[in-house]
Number of protein chains: 2
Amino acid sequence: MQVITTECQTVEVKLTGNRKAVLLLLQQQQRPLSAYEIIDLLRPQIGRIIHPMLVYRCLDFLLEQHLVVKLVSVNKFMVLPEGATEPGQCLICERCQAVTFSQSSNPLQQQRRKIAASGFKLNQQPVEFHGICQACQKDDNK
Amino acid sequence: MQVITTECQTVEVKLTGNRKAVLLLLQQQQRPLSAYEIIDLLRPQIGRIIHPMLVYRCLDFLLEQHLVVKLVSVNKFMVLPEGATEPGQCLICERCQAVTFSQSSNPLQQQRRKIAASGFKLNQQPVEFHGICQACQKDDNK
DNA sequence: CACATTTTGTGATAATATAACATATCATTA
DNA sequence: TAATGATATGTTATATTATCACAAAATGTG
């Protein structure tokens, strides 16, 4: 058993070598990675073939511990930025794939409360909005 | 060229046999289907092997025409219920996979305006919330 | 009709994810 | 410390979702 402290929280978990490697990678990259991107980036570090199952199992664990979130609309995994304490939202650009996370603002929190009041029990993952980011809109006008 | 009228809109499109079959199936089912569910359900109707490309091409076309929406977080496709005129939201149960669509309520519309004001151009797809539906919560308590 | 464009048919393959089962490691306690 | 049970890892195979590439057929237009 080991204690780990992230920007967001301190948890007592079995953070084994593989799990730690995946978590550290995601923390370093500060961007969403697909499971297979993780495999490719981890390979040089670990120095042997990495089977998908290994990575998916690490990710499952880290998701359970809320150390990592999954962007279900794009099948990618990321750590939330420092200080993120609640589900929040992600804006995902369909052109350049950039993802920007931000804390829930008032209307979204209100919406979440409304949904909860209706009896539907929301999970703690960020809500994902899709569209075109400002940079890509500018590129389109050139 | 053909004119088609759905509950939501009238568009002039090349609604060929395959495309019409996919659209009708989704309208009949009134629930999200995966591409491969569509293949399986369409097979008896069409009476020969259906390649995935056929279905994905029909779906691409129907998505472009906004006759169908894709639930990106679960890789399924559905027609919006009658009278749906704006993006709205879907509540997706992670236990039983039930999906309920509803029109955007005020806070969500406000949130969308906020995002738009920040310079991010939202698409017109429903926002997808994940959690556990009321029925499944009750089942859990048994 | 002739020609260009769009749609369809088909095989192959890419990308994402899980099932199943054997082996190894860790934790507990007799 | 050895026995035991629980947890984690290694590995193969396979399921699921989606796209590429190219040929053939159908359709629209001058």
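The same position A:ASN75 in the other copies lies at 0.5 nm from this copy, comparing label points 7 Å beyond Cα toward the beta-carbon, shortest first. Counting from the shortest, the label point at B:ARG57, 7 Å from Cα toward Cβ, is 4.3 nm from the same position in each remaining copy. Summarising the amide proton neighbourhood of B:LEU15: residues at separation of 5 or more, or on other chains, whose placed amide H is nearer than 5 Å comprise B:GLN2. Mean separation of Cα pairs under 8 Å and 6 or more residues apart, divided by the residue count, gives region B:89-141 a relative contact order of 51 percent.
The contact between chain A and chain B removes approximately 2500 Å² from the accessible area (both sides summed; 1.4 Å probe; ligands, DNA and RNA excluded). Based on the Kirkwood radius over alpha-carbon pairs, what value in µm²/s does the Stokes-Einstein equation return for the translational diffusion coefficient of region A:5-142 at 10 °C and 1.306 mPa s? Stokes-Einstein gives a translational diffusion coefficient of 96 µm²/s. Averaged over peptide A:98-108, the number of partner chain Cβ atoms lying within 10 Å of each residue's Cβ comes to 3. Extent along the principal axes, Cα only, for the protein assembly as shown: 64, 60, 44 Å, with the longest axis given first. Distances between copies at B:ASP40, taken between label points 7 Å from Cα along the C-beta direction, are 3.3 nm in increasing order.
Neighbouring Cβ atoms from other chains, within 10 Å of the Cβ of residues in A:126-136, number 5 on average. Using a 10 Å cut-off on Cβ to Cβ distances, tally the other chain neighbours for every residue of A:38-44 and report the average as a whole number. The mean count of partner-chain Cβ atoms within 10 Å per residue comes to 0.
Here the scattering of region A:89-141 is modelled by Debye summation over its C-alpha atoms, one equal scatterer each and no solvent; at q = 0.15, 0.19, 0.25 Å⁻¹ the log10 of I(q)/I(0) is -0.52, -0.71, -0.94.
A straight Cα-to-Cα reach below 20 Å connects B:LYS121 with the lysines A:LYS138, A:LYS142, B:LYS70, residues fewer than 8 places away in its own chain not being considered.
The values are calculated or read from the model by the stated rules, or taken from the named source; none is laboratory data. Computed from a prediction, not measured in an experiment: that's the story for all the values here. Neighbour counts are summed over all protein chains in view; Cβ atoms, including those assigned to glycine, are modelled from backbone coordinates with ideal geometry. The protein model used for the area step is the full one, side chains on, heavy atoms only, and it has no ligands, DNA or RNA in it. Shrake-Rupley method; radii C 1.70, N 1.55, O 1.52, S 1.80 Å.
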